[in-house]
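Accompanying notes for the structure given below.
The values are calculated or read from the model by the stated rules, or taken from the named source; none is laboratory data. These numbers were taken from a predicted model, which means no experiment stands behind them. Note that we place each Cβ from the backbone using ideal geometry, even for glycine, and neighbour counts take in every protein chain shown.
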Ligand SMILES: Cc1cc2nc3c(=O)[nH]c(=O)nc-3n(C[C@H](O)[C@H](O)[C@H](O)COP(=O)(O)OP(=O)(O)OC[C@H]3O[C@@H](n4cnc5c(N)ncnc54)[C@H](O)[C@@H]3O)c2cc1C
């Protein structure tokens, strides 16, 4: 049986970046991936002169690891930085979209009533919660900023990041920094102020200062894993589905299926980046409690609808990143990115492209039947808001049945079992987008941290 020092499970952005960081430090990890391509949920396609992304559309640079990775992969030359007007975002309410362009715009926006604006200003004077128990994001925000702020600001924002429902998401798990601001500084507003001050000091002392630019690549975000694959291909086993992990004398036997045949190999160390629901069944005989907790992590379905129009068809000015929709907006999509406004090359000359997201935790049932009907309703609702006349020139839909892991209430219990597992198994790291953040930036940063632990 072949033996490898480090085996990575899964070739999504988490697995591929982990491999890149390990290789950049002189290691030669093996990657096992079930599908015939790399990138996991990331999928970019060129259709009729448009470049469409189906999962992540862009990412924000939050850590130094992002640039280290793309330099190593040799794809820096294809990096795209979003146009300046992408910093402007809209939120939908009462058949209109309301611009938000920095903190001051909250004062003038018609999105929120005068009463709620005052309520937000009172936040520093609201007593901090004493109990350290897990709390839903909805309860946290309602307690600190009021119901209207929750309904029309937080609710759509959370739909944009997690396709999630604030009533289910855990504040401590999904936004730990914000939860900590309350415990440490008594207030989110005061906490944000202190964080800004502390960061300023740290940057002066030489801490890496992320650009916070919104970024992607000429051919879409899938260029990152594809760029890495080019540099590590001999150690990448595609069409190789992991079936079983058996601990043997401090090492692991991994059984996997490749083109209908079963194979085995020995791994001294494992880094798993498989989705929680896949890893759960592989962990049954290794750690029953952890396996149960992994199976509880919910992935709602999300449908991505990419649309292309001639600019002459569109009445609204295209001056923003796009807009998000609150649950109370009663629309059949969660939000719409104005893809070709963010990055110029996403549509042919004089055309514009948009990416709409359907489903999520709040609307999970609509993706279980009659997809054609829901796509058509969403297109019609979107066209009305954007004052679009006529049919799209191009239309492309992709369904993710299990799209984005939810850091829901109960997650902290999973975390307890996960930490216990890592304390007792230092040659088996569990990672992926259900731990430490689901954004591309988070996945890449966690990949570097995990790679360093294995060296
Ligand atoms: C619709 C949507 C929109 C998003 N928008 C954004 C965005 O705008 N910005 C942003 O930063 N992030 C966004 N995200 C989140 C981000 O894209 C993901 O969190 C990230 O790509 C997940 O990467 P991963 O490698 O952790 O997991 P995955 O991509 O799920 O990779 C896991 C890999 O494991 C493989 N696998 C599964 N089972 C087996 C097995 N038994 N054996 C071997 N391999 C197996 C899979 O085939 C897959 O390749 C979005 C996600 C979705 C779904």
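Within region 140-148, identify whether any single residue is buried (at least 18 other Cβ atoms within 10 Å of the Cβ), within 26 Å of the chain's Cα centre (by Cα), in contact (Cβ under 8 Å) with a residue 24 or more places away in the chain and under 19 Å from residue 363 (Cα atoms), and answer yes or no. Among the residues of region 140-148, not one is buried (at least 18 other Cβ atoms within 10 Å of the Cβ), within 26 Å of the chain's Cα centre (by Cα), in contact (Cβ under 8 Å) with a residue 24 or more places away in the chain and under 19 Å from residue 363 (Cα atoms), which makes the answer no. Can you find a residue in region 94-103 that is in a strand (DSSP E or B), within 23 Å of residue 439 (Cα to Cα) and modelled with pLDDT under 95? Scanning region 94-103, I find at least one residue that is in a strand (DSSP E or B), within 23 Å of residue 439 (Cα to Cα) and modelled with pLDDT under 95, so the answer is yes. Working only within region 48-74, note down all residues that are away from the ligand (no atom under 16 Å from the Cβ) and surrounded by 16 or more Cβ atoms within 10 Å (Cβ to Cβ). Correct list: 50, 68, 72. Answer yes if at least one residue in region 408-416 is buried (at least 19 other Cβ atoms within 10 Å of the Cβ) and farther than 30 Å from residue 22 by Cα, and no otherwise. Within region 408-416 (the criterion being buried (at least 19 other Cβ atoms within 10 Å of the Cβ) and farther than 30 Å from residue 22 by Cα), the answer is yes, since at least one residue qualifies. Scanning region 340-371 for residues that are buried (at least 20 other Cβ atoms within 10 Å of the Cβ), in a helix (DSSP H, G or I) and more than 12 Å from the ligand (Cβ to nearest atom) gives 340, 341, 346, 361, 362, 363, 366.
Among the numbered conditions (1) away from the ligand (no atom under 15 Å from the Cβ); (2) buried (at least 22 other Cβ atoms within 10 Å of the Cβ); (3) at pLDDT below 95, the only one that residue 196 does not meet is (2). Total residues in region 150-170 satisfying the condition of being in a helix (DSSP H, G or I) and either in contact with a strand residue (DSSP E or B) (Cβ under 7 Å, 6 or more places away or on another chain) or surrounded by 22 or more Cβ atoms within 10 Å (Cβ to Cβ) (or both): the figure is 10.
Can you name the residue in region 200-229 that is touching a residue at least 40 places away in the same chain (Cβ under 8 Å) and part of a helix (DSSP H, G or I) and, of all such residues, is farthest from residue 343 (Cα to Cα)?
Initial filter on region 200-229 (touching a residue at least 40 places away in the same chain (Cβ under 8 Å)): 208, 210-229.
Applying the additional criterion that residues be part of a helix (DSSP H, G or I) yields 223-229.
On the way: 223: 15, 224: 17, 225: 20, 226: 20, 227: 20, 228: 23, 229: 25 Å.
Restricting to residues being touching a residue at least 40 places away in the same chain (Cβ under 8 Å) and part of a helix (DSSP H, G or I), the top hit is 229.
For region 230-267, the set of residues classified as within 12 Å of the ligand (Cβ to nearest atom) and in contact (Cβ under 8 Å) with a residue 40 or more places away in the chain consists of 236, 237, 238, 239, 240, 241, 242, 245, 254, 256, listed by residue number. In region 417-444, the qualifying residues are those that are more than 8 Å from the ligand (Cβ to nearest atom), closer than 23 Å to residue 57 by Cβ and surrounded by fewer than 19 Cβ atoms within 10 Å (Cβ to Cβ), and the one that is farthest from the chain's Cα centre (by Cα) is 436. Taking into account only those residues within region 75-86 that are closer than 24 Å to residue 100 by Cα and part of a loop (DSSP other than H, G, I, E, B), which is farthest from the ligand (Cβ to nearest atom)? Selected residue: 83. Look at residue 284 and say whether it is over 23 Å from the mean Cα position of the chain (by Cα), surrounded by fewer than 21 Cβ atoms within 10 Å (Cβ to Cβ) and either within 16 Å of the ligand (Cβ to nearest atom) or assigned to a loop (DSSP other than H, G, I, E, B) (or both). It is true that residue 284 is over 23 Å from the mean Cα position of the chain (by Cα), surrounded by fewer than 21 Cβ atoms within 10 Å (Cβ to Cβ) and either within 16 Å of the ligand (Cβ to nearest atom) or assigned to a loop (DSSP other than H, G, I, E, B) (or both). Of all the residues in region 25-47, those that are out of contact with any strand residue (DSSP E or B) (no Cβ under 6 Å at 6 or more places or on another chain), part of a strand (DSSP E or B) and either within 9 Å of the ligand (Cβ to nearest atom) or under 20 Å from residue 6 (Cα atoms) (or both) number 1. Counting the residues of region 362-400 that are modelled with pLDDT of 95 or more, touching a helix residue (DSSP H, G or I) at 6+ places or on another chain (Cβ under 8 Å) and within 28 Å of residue 170 (Cα to Cα) gives 1. Looking at residue 455 and the list (1) at pLDDT 95 or above; (2) surrounded by fewer than 16 Cβ atoms within 10 Å (Cβ to Cβ); (3) at negative phi, which single condition is not satisfied? Condition not satisfied by residue 455: (1). For region 1-22, which residues satisfy the criterion of being part of a loop (DSSP other than H, G, I, E, B), within 7 Å of the ligand (Cβ to nearest atom) and either over 17 Å from the mean Cα position of the chain (by Cα) or at positive phi (or both)? Within region 1-22, just 10 meets the criteria.
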